[in-house]
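The values are calculated or read from the model by the stated rules, or taken from the named source; none is laboratory data. All values derive from a computational prediction rather than experimental measurement. When we count neighbours, we look across all protein chains shown, and the Cβ atoms used for this are built from the backbone with ideal geometry, even at glycine.
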Amino acid sequence: MDFQAYISKIRTFLSYKVFTSIIYCILGIALFATLYHNVKPETYDIELFSVADKTIRSTKTVEDEIKTAEAKENAAEQVDKVYVFKKEMAQNRVSLITSIFDFVKDTNNESSKDVEKNASEIKKEEVSAISLQSRLKQLKTKLTENVSEDITNTISDPIFITFLQADVEELQRTKDIVEQYVETAMNEQIREDGMEAARKVVADQIKTAGLSNELQTAAIELGKYAIVPNDLYDPLLTEARKKQAMEDVEPVKILQGQIIVQEGHLIDRETYRQLEMLGLLKNNPTIKPIIGLGIFVILVIGSIYIYFSRLSTSEDKKQSYLLLSSLIFICSVIIMKIIGLIEGDNLNKVAYIFPAAMAPMLIKTMINERLALIMTIILASCGSIVFHDGISDTINIEIAVYILFSGLAGVLFVSAKNERSHILRAGLLVSCINLLLIFFLLLIGGGQFTLTEYFYFGLFSVMSGILSSVFTIGLLPFFEAGFGILSTMRLIELSNPNHPLLKKLLTETPGTYHHSVMVANLAEAACEAIGANGLLARVGCYYHDVGKTKRPPFFIENQMNIENPHDRLPAETSKDIIISHAADGAKELRKHKLPKEIVDIAEQHHGTSLLKYFYFKAKKLNDDTPEIDYRYPGPKPQTREAAVISLADSVEAAVRSMANPTPGEIRSLVHHISQDKILDGQFNECDLTLKEIELVKTRFCETLNGIFHSRIEYPDLKQQKVIGSDTAN
């Protein structure tokens with residue numbers, strides 16, 4: 001039992017969802033197991049205050065949060081308190097002094113009027129005493145009501161009494177002196193701790209102003225009161241600057257490759273803490289890389305699942321394509337893993353020999369270009385994990401870029417023909433791209449390499465492209481045979497006239513062979529016009545009538561100079577012979593293990609059409625003859641290629657039976673046959689549109705007109721000889 005039959009047997013026991021789910025699970029487990037070693041962090045059995053038996057380096061770049069926090073605290077502590085100089089406070093304090101003296105003047109003016117009114121009734125001394133107390137009370141009331149500060153409780157009553165008793169000129173002079181010195185002092189920055197010094201300066205200045213003792217004392221007291229801090233501490237701004245200083249601190253990092261402890265050195269608490277933070281201790285391993293790998297596997301499987309869930313093809317093909325692409329992917333990852341192990345043995349940069357274009361070329365050749373591109377991206381991601389330069393928990397961007405562009409080159413350079421020579425040429429072109437990629441990566445990195453190293457880098461890149469084409473050519477036949485994949489290369493091989501079935505068709509049924517070639521010309525041109533697979537149509541035509549080799553004389557194209565055997569047979573027997581050629585052909589094709597697509601064309605090229613000649617012949621004898629008995633068993637054409645071949649087969653046979661057909665007659669015949677098949681429902685089960693049918697008819701007419709064009713009528717050879725002799729004489 002071959003591989004394809006074995007898979008088919010499994011499908012009969014499992015549903016589509018179960019089968020694909022098993023494949024996805026196996027693929028995910030295989031990928032996880034393959035990459036696990038590359039992401040598993042290396043751990044050490046180390047105790048505190050022991051001596052390191054080897055040099056340990058950091059496997060990744062991480063932030064040391066404790067050191068970063070300490071650095072931020074130190075930066076915040078170094079920020080000085082922020083003070084804001086309130087320059088407008090000088091004018092405010094001067095205005096306060098002015099208000100006090102103005103209230104003193106107003107109080108004296110109001111009190112003098114009251115004294116004059118009551119002077120006749122009270123003695124002068126009594127009036128003066130009552131007036132002074134009354135003025136003090138009025139002054140304090142006004143100050144309390146009009147000044148926001150608690151002046152009356154801060155400045156003593158004797159000070160106010162001194163101002164109230166002073167005459168107008170002395171009071172004005174005192175006011176000017178206090179205002180001047182207070183304004184001068186307040187225009188300078190005064191902090192809380194410098195306030196007493198500023199007050200002393202104002203007091204000393206007032207002492208030299210030449211005021212009377214009472215006014216001098218009062219002025220000094222008022223001047224000291226007016227002096228307040230104007231360079232004030234701003235806690236919000238200070239806190240903001242501390243935060244900014246903390247934000248400006250660069251995180252303290254342990255860099256990838258940084259030496260944590262050297263061989264023979266003592267492992268102190270700080271070193272032990274760093275090893276613990278990096279997850280390098282066996283008693284405290286980190287599982288983050290394992291979780292990351294799990295997420296990566298889910299992304300890969302999810303991408304493949306989404307692609308196949310949206311692929312518009314049959315479930316059988318989806319299963320085959322999924323299994324095929326999974327095998328190719330696993331093979332590529334295994335090769336990648338082997339090369340990764342070799343690279344670990346101090347063979348620097350041997351990773352560049354990995355045949356990155358192999359999987360994309362195989363998938364494009366056997367499936368399609370879109371899946372090849374997806375697989376290229378996935379392989380580049382896997383390569384970045386496998387080839388991590390000996391440092392776990394890291395990815396290699398350089399190799400990812402290399403695999404990505406190498407795979408893309410393989411997809412682009414594999415031509416539609418997909419012959420072995422074309423695949424080899426594509427591999428050579430991939431080698432050129434790889435060479436350019438290598439020098440791009442080496443030069444942009446600015447590394448220092450010797451000429452020998454450059455030579456090996458170039459050699460590895462060239463070998464990568466060549467190995468990709470060699471592996472593609474070598475594996476292609478196995479995958480095609482195992483999965484029944486009908487690739488372009490396989491079609492080209494089947495079109496070789498030396499194939500046993502084609503040789504049998506040519507020798508035993510030359511008329512059928514010629515008919516098949518003519519139908520192939522029509523079908524290929526029509527399929528290319530509507531975007532279908534023209535090569536598949538051509539090869540399918542070559543084999544579609546292989547069943548006629550079982551009874552060659554019973555088909556008119558093989559009846560050369562012999563009697564038509566159907567003339568001696570009843571219609572029912574003739575019908576059975578003619579109809580059986582489709583089933584016989586499919587059986588013969590399966591026997592020779594031809595692809596399913598070719599077998600389907602042989603079975604479907606007549607659909608369920610009616611054998612009109614024998615049906616009407618039988619109907620003459622028995623009017624109740626059922627039509628269904630004279631129809632092919634089908635199935636009807638399921639693909640556009642099978643539908644076009646069905647139409648081309650009927651058109652070619654009909655046109656060949658015409659004597660010297662004109663373009664108009666050909667066009668009319670093609671239209672009639674097409675309409676007959678449409679009305680008979682022969683195209684109901686394929687996705688051939690009416691617009692495409694019109695294109696097919698047009699291409700049929702163009703091709704047939706080229707075949708049946710008018711030719712020059714040559715004169716009879718005997719007449720030519722007579723004319724020639726007469727001329728000679």
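Quick look at the values:
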quantity: Tally of residues being in contact with a Lys or Arg (Cβ under 6 Å, 6 or more places away or on another chain) and closer than 17 Å to L704 by Cβ across region 651-693; calculated: 2
quantity: Subset of region 56-105 [surrounded by 13 or more Cβ atoms within 10 Å (Cβ to Cβ), in contact with a Phe, Trp or Tyr (Cβ under 8 Å, 6 or more places away or on another chain) and not hydrophobic (A, V, I, L, M, F, W, C)]; calculated: Y83
quantity: Residue in region 539-558 that is touching a helix residue (DSSP H, G or I) at 6+ places or on another chain (Cβ under 7 Å), in the same structural domain as D649 (by TED's automatic domain parsing), aromatic (F, W, Y) and within 18 Å of T639 (Cα to Cα) present; calculated: yes
quantity: Test: residue in region 702-709 that is loosely packed, with under 12 Cβ neighbours inside 10 Å, at pLDDT below 90 and assigned to a helix (DSSP H, G or I); calculated: yes
quantity: Complete set of residues in region 52-79 that are part of a loop (DSSP other than H, G, I, E, B) and under 20 Å from I259 (Cβ atoms); calculated: A52, D53, K54, T55, S58, T59, K60, T61, D64
quantity: Scope region 300-312; condition surrounded by 12 or more Cβ atoms within 10 Å (Cβ to Cβ) and out of contact with any helix residue (DSSP H, G or I) (no Cβ under 7 Å at 6 or more places or on another chain); matching residues; calculated: G302, I304
quantity: Filter result for the condition that a residue is free of Cβ contacts under 8 Å to residues at least 24 places away in the same chain, assigned by TED's automatic domain parsing to the domain that holds T365, assigned to a helix (DSSP H, G or I) and of a type in the set (A, V, I, L, M), over L299, L324; calculated: L299
quantity: Cross-chain or 6+ apart pairs with Cβ under 6 Å, region 427-450 first and without any contact (Cβ under 8 Å) to a residue 60 or more places away in the chain and of a type in the set (A, V, I, L, M, F, W, C), then surrounded by fewer than 19 Cβ atoms within 10 Å (Cβ to Cβ) and part of a helix (DSSP H, G or I); calculated: L435/G458
quantity: Hey, P633 within 28 Å of S312 (Cα to Cα) and either surrounded by fewer than 19 Cβ atoms within 10 Å (Cβ to Cβ) or outside the structural domain of I556 (by TED's automatic domain parsing) (or both) or not; calculated: yes
quantity: Of residues in region 543-576 being among the hydrophobic types (A, V, I, L, M, F, W, C) and within 22 Å of A602 (Cβ to Cβ), the one modelled with the highest pLDDT; calculated: V546
quantity: Residue among S668, S674 that alone is out of contact with any Ser or Thr (no Cβ under 7 Å at 6 or more places or on another chain), assigned by TED's automatic domain parsing to the domain that holds H606, buried (at least 17 other Cβ atoms within 10 Å of the Cβ) and at pLDDT 90 or above; calculated: S674
quantity: Residue under evaluation T217, criteria (1) within 23 Å of E88 (Cβ to Cβ); (2) assigned to a helix (DSSP H, G or I), criterion not met; calculated: (1)
quantity: Subset of region 591-612 (residues that are assigned to a helix (DSSP H, G or I) and surrounded by 14 or more Cβ atoms within 10 Å (Cβ to Cβ)); calculated: K596, E597, I598, V599, D600, I601, A602, E603, Q604
quantity: Residue list for region 677-698, filter: part of a helix (DSSP H, G or I), of a type in the set (D, E) and surrounded by fewer than 20 Cβ atoms within 10 Å (Cβ to Cβ); calculated: E694
quantity: Count of residues meeting criterion [in a helix (DSSP H, G or I) and under 19 Å from I423 (Cα atoms)] in region 332-372; calculated: 15
quantity: Qualifying residues in region 448-465 (those that are of a type in the set (A, V, I, L, M) and touching a helix residue (DSSP H, G or I) at 6+ places or on another chain (Cβ under 9 Å)) - the one surrounded by the fewest Cβ atoms within 10 Å (Cβ to Cβ); calculated: L459
quantity: Residues (under 15 Å from E110 (Cβ atoms) and surrounded by fewer than 17 Cβ atoms within 10 Å (Cβ to Cβ)) located in region 135-173; calculated: K137, T141, E145, N146, V168
quantity: All positions within region 360-372 that are farther than 15 Å from I485 by Cβ and either surrounded by 24 or more Cβ atoms within 10 Å (Cβ to Cβ) or at pLDDT 95 or above (or both); calculated: P360
quantity: Any hit, region 136-145, residues being in the same structural domain as N92 (by TED's automatic domain parsing), without any contact (Cβ under 8 Å) to a residue 12 or more places away in the chain, β-branched (V, I, T) and not in a helix (DSSP H, G or I); calculated: no
quantity: Some residue of region 412-425 being among the charged types (D, E, K, R), over 23 Å from L324 (Cα atoms) and more than 30 Å from the chain's Cα centre (by Cα); calculated: yes
quantity: Residue check, G445 surrounded by fewer than 20 Cβ atoms within 10 Å (Cβ to Cβ), farther than 21 Å from I397 by Cβ and either modelled with pLDDT of 85 or more or not hydrophobic (A, V, I, L, M, F, W, C) (or both); calculated: no
quantity: Complete set of residues in region 651-708 that are over 48 Å from the mean Cα position of the chain (by Cα) and aromatic (F, W, Y); calculated: F708
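To keep it simple, each residue is scored yes or no on (1) within 35 Å of the chain's Cα centre (by Cα); (2) assigned to a loop (DSSP other than H, G, I, E, B); (3) surrounded by 14 or more Cβ atoms within 10 Å (Cβ to Cβ); (4) at pLDDT 80 or above.
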| residue | (1), (2), (3), (4) |
| --- | --- |
| Y6 | no, no, no, no |
| K9 | no, no, no, no |
| V18 | yes, no, no, yes |
| I23 | yes, no, yes, yes |
| L27 | yes, no, yes, yes |
| H37 | yes, no, no, yes |
